[in-house]
Amino acid sequence: MKKQELTSIKQIRLNTILDEATKCLIEKPSASMHEIAESAGIGIATLHRYVESREQLMIYLGFRAIEVVAETTKDIRLDEENYESYIPELIEALIPLGDKIYFLNHDASVNANKEIEEEDEKLREPILHAIGFLQQKGYFRENIDKNWIVNVLYSLLFLTWQQVVEGNIARNSAAELVVNTFYHGFKEHKL
């Protein structure tokens, strides 16, 4: 059940609505359709012109999250020359998308949709490959499951996005904080 074909103007408007709905549902997962419409700055009738039901909205939100994350990460490549910079580049690109990543990983209706699950698996493939490569290079322990590492990364990205939005972490230092936390945790390094 993919999104219906829309004119480019309507698609842009729908994407804006979906982005606002994602933010609303992160803050209040039980938000009503009226609250979602209000958060998006539209009336409920306008919302229903784009989506028929909450279930359809959730599916659209899942596909939108995948679309945005895929578009953002498509140019981040892993090869022998840049493998050390892959994770920092990925983190820098994905911090602003923390709400989308959270939604993909935590919304039960998204995780119960076979098409969204398949698209999410395709989205994760290059990251899982990169983690495996970095494990071989000694950046990560090889005895830790790659999926666990990616889930930890996604959790850090969401938390960082949330802290930036709340003003607790400066936007320009967020990526470095996540990279350091991801690679080194909170362990004190003694000289």
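The values are calculated or read from the model by the stated rules, or taken from the named source; none is laboratory data. It should be emphasised that the depicted structure is a prediction, and the values quoted were computed from it without experimental measurement. Methodologically, a virtual Cβ is constructed for each residue, glycine included, from the backbone with ideal geometry; neighbour enumeration extends over all protein chains shown. Side chains included, ligands, DNA and RNA excluded: accessible areas come from the protein's heavy atoms. Shrake-Rupley method; radii C 1.70, N 1.55, O 1.52, S 1.80 Å.
Which pairs do you get when a residue that is within 23 Å of His34 (Cβ to Cβ), found in region 6-23, comes within reach of a residue that is open to solvent by 70 Å² or more (accessible area, probe 1.4 Å) and not in a helix (DSSP H, G or I), reach meaning Cβ atoms under 8 angstrom, with the pair 6+ apart or on two chains?
none
Among the numbered criteria (1) of a type in the set (Ser, Thr, Tyr); (2) surrounded by 12 or more Cβ atoms within 10 Å (Cβ to Cβ); (3) part of a helix (DSSP H, G or I), which single criterion is violated by Tyr139?
Tallying (1) of a type in the set (Ser, Thr, Tyr); (2) surrounded by 12 or more Cβ atoms within 10 Å (Cβ to Cβ); (3) part of a helix (DSSP H, G or I), Tyr139 fails exactly one: (3).
Out of Ile95, Ile116, report the one residue that is in a helix (DSSP H, G or I) and over 20 Å from Gln11 (Cα atoms).
Unique residue meeting the criteria: Ile95.
Going by the conditions given, is Ala45 part of a helix (DSSP H, G or I) and touching a Leu at 6+ places or on another chain (Cβ under 6 Å)?
The answer is no for Ala45.
Here's a check for you: in region 1-60, which residue that is aliphatic (A, V, I, L, M) and open to solvent by 40 Å² or more (accessible area, probe 1.4 Å) is nearest to Glu118 (Cα to Cα)?
Per the criteria, the residue is Met1.
Could you give every pair whose Cβ atoms fall below 7 Å, whose first residue belongs to region 164-188 and is surrounded by 12 or more Cβ atoms within 10 Å (Cβ to Cβ), and whose second residue is of a type in the set (Asp, Glu), counting only separations of at least 6 or pairs across chains?
Ala175/Glu92
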